[in-house]
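**Q** One structure follows; several queries about it will come next.
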Amino acid sequence: MTRRIAHDDPRLNAHKMPMAMATETLQDIISSADALQKAILLDAPLERQQKIREVAMAQAESYLDLMAEAARHARALKP
């Protein structure tokens, strides 16, 4: 998992940071899916495939959490 966000970027305020992190997490999910496909194609052990799948599932859960957090921050900005 590679972090591409500069966490001290002043443009990423409270409601934009979770959305930026969610975007990164979505990229991580795609990378994990690619890794899983490669593991299957290369006939990697099932334990390895399962580990990749578990990581991808955790990333998906994190993505949903971050999207919900972004929505809560955006809702708080409503007048």
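**Q** Look at the stretch 23-41 and say how many of its residues are open to solvent by 50 Å² or more (accessible area, probe 1.4 Å) and either touching a His at 6+ places or on another chain (Cβ under 8 Å) or not hydrophobic (A, V, I, L, M, F, W, C) (or both).
**A** Total meeting the criteria: 6.
**Q** Given the criterion without any contact (Cβ under 8 Å) to a residue 12 or more places away in the chain, surrounded by 13 or more Cβ atoms within 10 Å (Cβ to Cβ) and part of a helix (DSSP H, G or I), identify the matching residue among Ala44, Ala71, Ala20. So that I can check it myself, show each step before the final result.
**A** Details: Ala44 fails: part of a helix (DSSP H, G or I); Ala20 fails: without any contact (Cβ under 8 Å) to a residue 12 or more places away in the chain.
Going through Ala44, Ala71, Ala20 in turn, the sole match is Ala71.
The values are calculated or read from the model by the stated rules, or taken from the named source; none is laboratory data. Fair warning: this is a prediction, and the values are worked out from it, not measured in the lab. Quick reminder, even Gly has a Cβ in these numbers, built from the backbone with ideal geometry, and neighbours come from all protein chains shown. Heavy atoms of the whole protein, side chains included, go into the accessibility calculation; ligands, DNA and RNA do not. Shrake-Rupley method; radii C 1.70, N 1.55, O 1.52, S 1.80 Å.
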